[in-house]
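The values are calculated or read from the model by the stated rules, or taken from the named source; none is laboratory data. Keep in mind that this is a model prediction, so the values were computed, not measured. Methodologically, a virtual Cβ is constructed for each residue, glycine included, from the backbone with ideal geometry; neighbour enumeration extends over all protein chains shown. To get the accessible areas, we keep the full protein, side chains included, count just its heavy atoms, and leave off ligands, DNA and RNA. Shrake-Rupley method; radii C 1.70, N 1.55, O 1.52, S 1.80 Å.
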Amino acid sequence: MPVTPDDVRRVAQLASLELDPDDETRLVQKVQQVVEYVDRLQAVDTAGIEPLAHPYAGSSTPMRPDTAREGLPVDEVLANAPDRFGPFFRVPRMIEEGQDD
Amino acid sequence: MSTPVTAGTAVERPYEIVVGLEVHVELTTESKIFCSCPTRFGAEPNSQVCPVCLGLPGTLPVLNRRALEQAVRAALALNCRIQPVAKFDRKNYHYPDLVKGYQISQYDLPVGYEGWLEVGDPANPRRIRIRRVHLEEDTGKSLHDQAPGASVVDYNRSGIPLLEIVSEPDIRSAEEARDYLMHLRQVMLYTGVSDARMEEGSLRVDCNVSVRPRGSDVFGTITEIKNLNSFRSVVRAIEYEAQRQWEVLSAGGTLRRETRHWDERREVTVALRRKEEAHDYRYFPDPDLLPVPLPADWVEEIRASLPELPGARRRRYVLDLDLSVRDADTLVGDPGLAGYFEDLLAAGAEARAAASWVLTQVLAWLNAQGAGIDAFPVPPARLARLLRLVDEGTISMTAAKDVFEEMVRTGAEPDAVVEARGLRQISDQAALLEIVDRVLAANPQPVADYRAGRQQALGFLVGQVMKETRGRANPQLVNDLLRQRLSSDG
Amino acid sequence: MTDRPLTELGVVETAEAVRRGRLRAEEVTRAHLDRIAAVDGRIRAFLHVTGEAALARAREIDEAVRRGADPGPLAGVPVAVKDNICTRGVPTTAASRMLQDFVPPYDATVIERLNAAGAIIIGKTNLDEFAMGSSTEHSAFQVTANPWDESRVPGGSSGGSAAAVAAGEAPAALGTDTGGSIRLPAAFCGVTGLKPTYGRVSRYGAIAFASSLDQIGPFARDARDTARLLAVLAGYDQRDSTSAQEPTADYEGALTGDVRGLKIGLPAEYFGEGVDSRVAQAVREAVAVLKDAGAQVVEVSLPYTSYTLPVYHLVATAEASSNLARYDGVRYGHRTSRRVTSHGDLIARSRGEGFGPEVKLRIILGTFALSAGYYDQYYGKAQQVRRLIKDDFERVLAQVDLLATPTAPTVAFPIGERADDPMAMYMADICTTGANLAGLPALSIPCGFLDGLPVGLQLIGRPFDEATLLRAADAYQRLTDHHLRRPALAAAGAAGGGA
């Protein structure tokens, strides 16, 4: 299954990864190599085989009681913020919807 | 295209409107869906956040049991089939309010599917099918009016449990859409699953609208409308968008499948400026959570704990108790009021009379006080006694209203008030006949007028008897006796 | 006690001595800080040394002992922690520019457990960025050298932790293992490294790479120390929904030295093509030692072995592409300083700048494997083959108690040899990814030397049967001395070699 530079660009966009042109050429080559390698899986007969999402088949997700506990103090929440505005995280103006969501 | 179409012109439209609604409701749990942060409304920004709902590196989700119960409860109340084993999937996309770069949601095994909700006249309802009901986590909230030239994000809302309820495109008018939403909201209130208030954001609606020529069964191009803030916006947006689409098609144009934004101020839908990106969410099962079995016996327990639901109640009120659709809707729409009404029935009151009292006298008092039914000081049994006194003819309706007022004000028992104020109606036929004969004798002209065909003369004569008895005669009886006398002597 | 350097004592010996007041934790910590100062300039295992904070903690431990309290089974034991495990108030970078300045406000569960057991967190160790790699060369900050030969890689991704233990900088370390990232560096550095059964140790606080594969595990210089560490780390954690409720075992108590009747399987596919024949030979000789001690050796077959690496590269990259989506420059981590006008650009540019090339490659691969039109033939298919691989192991482990294989197909390779060749680099994992996919416990112990470089023996066991693995490893270590050898690390510039 050949992977084209367009494929890589499209996927980079899905992954929100800005690639600079130098990155891109090397990356495309490496992606092609790996995809070619993993393509050997197509030869395996998996008819009727259930996918294995977890090593534990048939387990059920643990649940917790609906009790509220205080979270982090607001200063700790914002401690690693690249750009803080009062008690908020600041980002470039989001204008598309022009409105609170 | 600038003139909005007004409601009520449906019959004249050459096209059929086809609507599907995608509704999100916030659950009423104490804590968030995957962490223990509080869900209280209106807290200081970023004060209800922990490493998990902030999406810090290394954190993991743990499911809130009550959120799952609420989801099953809602799905059952919407007549859904319940998945034997549900699961959570990741919906991957980037946005500043989405802390993990993916939302934990449900893709192919939602909690509930293939349900329905009935709208319209209970005697002849229309069934709107519900495709799915699933659980997911909410995102943070971005605000655009806090920091100059920038936006800011508050993550208090991140991780609040949401139910997403998707209908099939079975809705055929803007009004029906509003009906569906009202009914849906009532189900949420009755089951205690959500407060479902659009103005508080605990009920959010996205509309999918398309049109087609009348009689066609092919679906047209769909537009998704976002940013609807009230039921009224929903109605107006659907009508606007349907008309817009029809005009494009009629002029020979083609429609794009797109998302449009409802502009509340200008009352139009607007295409979003940014390039419509392909939404490849790359759903896959969330590996941080295990499967969610929904065992049949547990589901049945939840089903058994459901109260009488709005649909069933509406049907019972209209079809069994013979209330008007309008009265039934008002009662069903206010569970507290309906509860009081039910208590009146349990205390022996007749249904139509009870409904009338609740929706006029009681509701008027509540509105004047700005109070809820819990503040109403007259216990149902006591009011039922008052209704019985009217029903038996012991007091007139007018007198009853006075008694009601005093009962509310002083907490007195109706019988005591009636006796103390001498409001007992005269219903003794012999005594009344005596007075009727006296009045007839004293008013020969009105008698002649009545016999000559002037019905309103009767009213005058009734008034005279009431005057003689100082308003205490049973007016219905007086009416009957007068007619009897006037016809027999003719 | 005082005739041997404090950096030679190991975990159990140190803890017992400190607990009984025969040794002061402060002295032990100071000795290790001195050792780090002496050799880490050349080894570069550490990204951050806790220094004063470690000494302060050590003094607390000593104070507790003075008061008659028992500080716990790891009393005074310095532990180096891979820098993808969150430590409250201490920088945690995942060796990435993306998290260069990130300081977590919380401790991973394993850190809480170590602290409760009296351990001293002595520093954060180097890794391949976001744990993606097999050599530690993909760290954004520095390349760690193998203490046995400083021109060679220590293995990865937990190269810093393995090197730290090998170089005597700490008697214990934590790593994470997703496709072999504990076992491979353990093999290359001649130490003991354990990847527990999936779910045995809580993942809460480990910066996620591949959620259904990641496990935190210990490095130490022998099985006994490893058993003690595992006892502290293992157990159900309600903050991790994939954490196992399975009861833990008495790991130290299992170290009887007796392997009579133990059935060891040798899967043919791990000894053939792709594995250096001298490595294969060393491993067979190691197994023969156990056979002489009474174990039974059985030739077995795992036909899906050649598919483990391709399955791994689809499952792990897919999960990683999603796990790394949270690094968007909004709430923490690197944000681009170049001017942007939209949030889309902010996110894309921050990620482009913050991630290194190997991470980007894996994100692209993983996103591709999940994307519309490709999901079924890539991610979906990989999950199906994963079940076949797991069933393979299950079938064989019903006939034998554990499997023995080489940990790696070669010994440590030179720095720079494979750094620009992803496929060549990935081949280092051909023996290790199977256990991750099947969720099985696996450990690596040194079993010999080739050209002065350590060779690793891998033991793979049944789910939650770490006790049997540790028993076999301990029995082997009672009969051999490979685990006792130390790299020279003598004069500056001297190549490492056998002691």
#### Entry: Given (1) modelled with pLDDT under 95; (2) open to solvent by less than 30 Å² (accessible area, probe 1.4 Å), number of the condition B:V292 does not satisfy
(1)
### Query
Looking at C:L388, is it open to solvent by 10 Å² or more (accessible area, probe 1.4 Å), within 8 Å of another protein chain (Cβ to nearest Cβ) and either touching a residue at least 24 places away in the same chain (Cβ under 8 Å) or polar (S, T, N, Q) (or both)?
yes
### Query
Being in the same structural domain as B:S233 (by TED's automatic domain parsing), modelled with pLDDT of 95 or more and in a loop (DSSP other than H, G, I, E, B), is that true of even one residue in region B:4-27?
yes
### Summary
A careful count of residues in region B:344-362 that are farther than 11 Å from B:L323 by Cα and buried (at least 17 other Cβ atoms within 10 Å of the Cβ) gives 8
### Query
Taking the condition in the same structural domain as B:D327 (by TED's automatic domain parsing), open to solvent by 30 Å² or more (accessible area, probe 1.4 Å), on the phi > 0 side of the Ramachandran plot and not in a helix (DSSP H, G or I), does B:G393 pass?
no
### Query
Does B:S487 count as at pLDDT below 90 and open to solvent by 40 Å² or more (accessible area, probe 1.4 Å)?
yes
### Whichever residue in region B:368-384 is touching a residue at least 12 places away in the same chain (Cβ under 8 Å) and open to solvent by less than 40 Å² (accessible area, probe 1.4 Å) and, among such residues, is farthest from B:M397 (Cα to Cα)
B:I373
### Message
Within region B:346-353, does at least one residue satisfy the condition of being in a helix (DSSP H, G or I), in contact with a helix residue (DSSP H, G or I) (Cβ under 8 Å, 6 or more places away or on another chain), over 24 Å from B:L477 (Cα atoms) and outside the structural domain of B:M188 (by TED's automatic domain parsing)?
### Response
yes
### Message
So, B:D206, is that one in the same structural domain as B:A67 (by TED's automatic domain parsing) and at pLDDT below 95 or not?
### Response
no
### Task
Scan region C:229-274 for residues that are assigned to a loop (DSSP other than H, G, I, E, B) and either open to solvent by 20 Å² or more (accessible area, probe 1.4 Å) or closer than 21 Å to C:V289 by Cα (or both) and report the count.
24
### Considering residues of region B:94-130 that are crowded, with 19+ Cβ neighbours inside 10 Å and acidic (D, E) only, the residue nearest to B:R73 (Cα to Cα)
B:E118
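Conditions tested, residue by residue: (1) more than 8 Å from chain C (Cβ to nearest Cβ); (2) hydrophobic (A, V, I, L, M, F, W, C).
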| residue | (1), (2) |
| --- | --- |
| A:Y37 | no, no |
| A:L41 | no, yes |
| A:D45 | yes, no |
| A:A81 | no, yes |
### Query
Hey, any hits in region C:332-342 for a residue that's within 8 Å of chain A (Cβ to nearest Cβ), farther than 30 Å from B:C50 by Cβ and not in a strand (DSSP E or B)?
yes
### Query
Of the conditions (1) more than 11 Å from chain B (Cβ to nearest Cβ); (2) open to solvent by 10 Å² or more (accessible area, probe 1.4 Å); (3) closer than 21 Å to A:E24 by Cβ, C:A348 fails just one. Which one is it?
(1)
## Note on the structure
Per the filter on region C:275-311, residues assigned to a loop (DSSP other than H, G, I, E, B) and touching a Cys at 6+ places or on another chain (Cβ under 9 Å) are C:V275
## Note on the structure
Taking region B:107-161 and keeping residues more than 30 Å from B:P61 (Cα to Cα) and either within 14 Å of chain A (Cβ to nearest Cβ) or part of a loop (DSSP other than H, G, I, E, B) (or both) leaves B:G120, B:D121, B:P122, B:A123, B:N124, B:P125, B:D145, B:Q146, B:A147, B:P148, B:G149, B:A150
### Task
Specify which of the listed residues (C:G366, C:G373, C:G380) is surrounded by 24 or more Cβ atoms within 10 Å (Cβ to Cβ) and either more than 7 Å from every other protein chain (Cβ to nearest Cβ) or assigned to a helix (DSSP H, G or I) (or both).
C:G366
### Task
Search region B:56-71 for residues being surrounded by fewer than 24 Cβ atoms within 10 Å (Cβ to Cβ) and more than 8 Å from chain A (Cβ to nearest Cβ), and hand back the single one that is farthest from B:E300 (Cα to Cα).
B:G58
### Query
How many residues does region C:147-175 hold that are touching an Asp or Glu at 6+ places or on another chain (Cβ under 8 Å) and open to solvent by 10 Å² or more (accessible area, probe 1.4 Å)?
0
### Query
What number of residues within region A:17-35 are within 7 Å of chain C (Cβ to nearest Cβ) and of a type in the set (S, T, Y)?
0
### Task
Output yes when any residue across region B:112-122 is charged (D, E, K, R) and touching a Phe, Trp or Tyr at 6+ places or on another chain (Cβ under 9 Å), and no when none is.
no
### Task
Might you check whether a residue that is within 14 Å of chain C (Cβ to nearest Cβ), touching a helix residue (DSSP H, G or I) at 6+ places or on another chain (Cβ under 7 Å) and surrounded by 22 or more Cβ atoms within 10 Å (Cβ to Cβ) occurs anywhere in region B:277-286?
yes
